[in-house]
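Student: Have a look at this one.
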């Protein structure tokens, strides 16, 4: 509350912690005004320049009437505040629920708005933010996992072999799709980052990166091949109203899903010294978890060997 008041607002004493692990996020009551959401950035993760690009992208999207929750402008100018050694940003509160991804009309609606995000994302590149690639999403987290001895000794060799085999397939698929355009993305566009209230609002651009358009679409798909084909057709029905879609990007769906598996495990390992993580993810490090990871990677190797999804 002291940090929020350093921006010129006056808190009324109400404070609620919201669900967030990468950063710390709170709803804070304000005297004479609606509550605000304050996001404290994890120290050392992003540079000020990288956070500035995140904020500028959101503001650019909001100016284009894309329904995103952009950071609030502060009294002194800018959007990134600093106080008591913390960097933070303020946001207006937006209520909503997770979208119903089993509904074709919802998927088409999401496709329209993601295409509008991408239309803005194509205008210029990020300079200070990384890309979606096999190194940062796969090789680097795998190296950290192995160096930190997070995988039980009895399963380490099997996991390492499966991961390296999977990453080899990832590189092959990325090479086959080498000409695919890269643009500014949300990059973490799963249902938890979409608030639905008479339509979608996109939140939490903390992981925005440069990458292929399909990165913002594949996380809306689930189930068997037939189900994903139907879902993707619905998404692209809306997407193509505002942007072209390169069919070559279909090659990247399973490689990107594979990278997310490795990246997520590496993220848990990297944050394990944060007391919130062992409390929230007590199963991480268990033999059952890593057995499941080995199986999932083997399934992804098989999935990457299959032809990509086909569209009418």
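Student: Under the definition of Cα pairs under 8 Å and six or more residues apart, what whole-number percent is the relative contact order of the range 112-232?
Tutor: Relative contact order comes out at 31 percent.
Student: Suppose each label sits 7 Å from its Cα in the direction of the beta carbon; what would the residue 144-residue 303 distance come out to in nanometres?
Tutor: 2.2 nm
Student: Which residue fluctuates most in the GNM of the chain (Cα springs below 10 Å): 283, 272, 218?
Tutor: Among 283, 272, 218, the largest mean-square fluctuation in the Gaussian network model of the chain belongs to 283.
Student: How tilted is helix 153-176 with respect to the longest principal axis of the chain? Cα atoms for both, answer in degrees (0 to 90, nearest 10).
Tutor: Rounded to the nearest ten degrees, it is 90.
Student: Okay, next question. Please give the length that would be gained between residue 49 and residue 286 if that part of the chain were fully extended, namely 0.36 nm times their separation in residues minus their C-alpha to C-alpha distance (nm, one decimal). Don't skip to the end; give the middle numbers.
Tutor: Values: separation 237, 0.36 × 237 = 85.32 nm, distance 3.81 nm.
Taking 0.36 nm per residue and subtracting the Cα distance, the gain is 81.5 nm.
Student: How many percent of the alpha carbon pairs in the range 2-92 exceed a separation of 22 Å?
Tutor: 25 percent
Student: Right, another one. Assuming R0 = 22 Å, can you tell me the calculated FRET efficiency for the pair residue 168 and residue 295, based on Cβ-Cβ distance, to the nearest 0.05?
Tutor: Here the calculated transfer efficiency is 0.75.
Student: What is the spin-label model distance, in nm, from residue 56 to residue 273 if the labels are put 7 Å beyond Cα along the C-beta direction?
Tutor: 3.2 nm
Student: Same structure again: Take residue 63, project a point 7 Å from its Cα along the Cβ direction, then tell me which residues of the range 192-233 have their backbone nitrogen under 13 Å from it.
Tutor: Counting backbone N atoms under 13 Å from the label point, the list is empty.
Student: Of (1) 141; (2) 154; (3) 119, which is the value of volume of the Cα convex hull per residue in Å³ derived from the coordinates here?
Tutor: Comparing each candidate, only (1) matches the computed number.
Student: Another question, then. What is the extension gain from residue 124 to residue 19, computed as 0.36 nm multiplied by their sequence separation minus the C-alpha to C-alpha distance, in nm to one decimal?
Tutor: Working: separation 105, 0.36 × 105 = 37.80 nm, distance 3.22 nm.
Contour length minus the Cα-Cα distance gives 34.6 nm.
Student: Now, a different point. If I histogram all Cα-Cα distances within the range 170-312 using bins 5 Å wide from 0, what percent of pairs lands in each bin?
Tutor: It works out to 2, 8, 15, 20, 20, 17, 11, 6, 2, 0, in whole percents.
Student: Relative contact order, percent, of the chain when contacts are C-alpha pairs under 8 Å separated by at least 6 residues? If you can, show how the numbers build up before the last one.
Tutor: Working: 479 pairs, mean separation 63.2, N = 312.
Relative CO of the chain lands at 20 percent.
Student: Out of 186, 164, 149, any idea which swings most in a Gaussian network model of the chain, alpha carbons joined below 10 Å?
Tutor: The residue with the greatest mean-square fluctuation here is 149.
Student: Under a crude label model (7 Å from the Cα following the beta-carbon direction), how far is residue 92 from residue 178 in nanometres?
Tutor: Between residue 92 and residue 178, the simple spin-label model gives 4.7 nm.
Student: Between residue 248 and residue 10, how high is the FRET efficiency from 1/(1 + (r/R0)^6) when r is the Cβ-Cβ distance and R₀ = 51 Å? Nearest 0.05.
Tutor: 0.40
Student: Assuming R0 = 30 Å, can you tell me the calculated FRET efficiency for the pair residue 155 and residue 227, based on Cβ-Cβ distance, to the nearest 0.05?
Tutor: 0.45
Student: Starting with the fewest neighbours, write out 11, 189, 156 ranked by other beta-carbon atoms found within 10 Å of each beta-carbon.
Tutor: Ascending number of Cβ neighbours within 10 Å: 156, 11, 189.
Just so you know, all these numbers are worked out from the coordinates, no wet-lab data involved. Note that the structure is a prediction, hence the values are computed from the model and not measured. All Cβ positions, even for glycine, are placed from backbone atoms using ideal geometry, and neighbour counts span all protein chains on display.
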